[in-house]
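Undergrad: Let me begin by handing over the structure; questions about it come next.
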Amino acid sequence: MTKELICICCPMGCGLTVEMNGSEVVSVTGNTCKRGDDYARQELTAPMRTVTTTVRTADGVSIPVKTKEPVPKDRIFDCVKDIKAANVTLPVRVGDVIAANVAGTGIDAVAARSV
Ligand code: SF4
């Protein structure tokens, strides 16, 4: 089975062709660099995404938040739920942990901007 993907790791957006044998990646072509190969293998076996969202302080101030690292794609909803439930008080500095170990992924969600 062949799958077509666009690499999202840089603005070049290389078109990737991935040969699969069931759920196993056999080969990746079309990538200009190793990152494209890594991306295709990850995307087709265990896709990951950085979560970006916002959380409101008790004063109603909106704080942009993102996960420090990508989390499994199928855990995004749970991560957003944990982040939205965080109790945040001002001031907040960029990089402050807003929710630790979101959805049990081992990844922290941090403030993306100082407020
Ligand atoms: S394969 Fe390499 S050059 Fe092509 S889009 Fe991905 S990161 Fe960029």
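Undergrad: What is the number of the single condition among (1) aliphatic (A, V, I, L, M); (2) in a strand (DSSP E or B); (3) surrounded by 13 or more Cβ atoms within 10 Å (Cβ to Cβ) that residue 44 does not meet?
TA: Only one criterion in (1) aliphatic (A, V, I, L, M); (2) in a strand (DSSP E or B); (3) surrounded by 13 or more Cβ atoms within 10 Å (Cβ to Cβ) is unmet by residue 44, namely (2).
Undergrad: Does the stretch 76-90 contain any residue that is in a loop (DSSP other than H, G, I, E, B), surrounded by 15 or more Cβ atoms within 10 Å (Cβ to Cβ), away from the ligand (no atom under 16 Å from the Cβ) and over 15 Å from the mean Cα position of the chain (by Cα)?
TA: Yes, because at least one residue in the stretch 76-90 is in a loop (DSSP other than H, G, I, E, B), surrounded by 15 or more Cβ atoms within 10 Å (Cβ to Cβ), away from the ligand (no atom under 16 Å from the Cβ) and over 15 Å from the mean Cα position of the chain (by Cα).
Undergrad: Can you tell me which residue within the stretch 25-36, out of those that are within 16 Å of residue 4 (Cβ to Cβ) and without any contact (Cβ under 8 Å) to a residue 12 or more places away in the chain, is farthest from the ligand (Cβ to nearest atom)?
TA: That would be 26.
Undergrad: Tally the residues that are assigned to a loop (DSSP other than H, G, I, E, B) and either among the small types (Gly, Ala, Ser) or out of contact with any strand residue (DSSP E or B) (no Cβ under 8 Å at 6 or more places or on another chain) (or both), restricting the search to the stretch 91-104.
TA: The number of residues fulfilling the criteria is 4.
Undergrad: If residue 111 satisfies all but one of (1) exposed (fewer than 15 other Cβ atoms within 10 Å of the Cβ); (2) modelled with pLDDT of 95 or more; (3) more than 16 Å from the ligand (Cβ to nearest atom), what's the number of the condition it fails?
TA: Result: residue 111 fails condition (1) only.
Undergrad: Looking only at the stretch 56-74, decide whether some residue is among the hydroxyl-bearing types (Ser, Thr, Tyr), surrounded by 12 or more Cβ atoms within 10 Å (Cβ to Cβ) and within 16 Å of the ligand (Cβ to nearest atom).
TA: No - not one qualifying residue is present in the stretch 56-74.
Undergrad: Take residue 107 and tell me if it is closer than 30 Å to residue 44 by Cβ, β-branched (Val, Ile, Thr) and in a loop (DSSP other than H, G, I, E, B).
TA: Spelling it out, residue 107 is indeed closer than 30 Å to residue 44 by Cβ, β-branched (Val, Ile, Thr) and in a loop (DSSP other than H, G, I, E, B).
The values are calculated or read from the model by the stated rules, or taken from the named source; none is laboratory data. These numbers were taken from a predicted model, which means no experiment stands behind them. All Cβ positions, glycine included, derive from the backbone under ideal geometry; neighbour counts span all protein chains shown.
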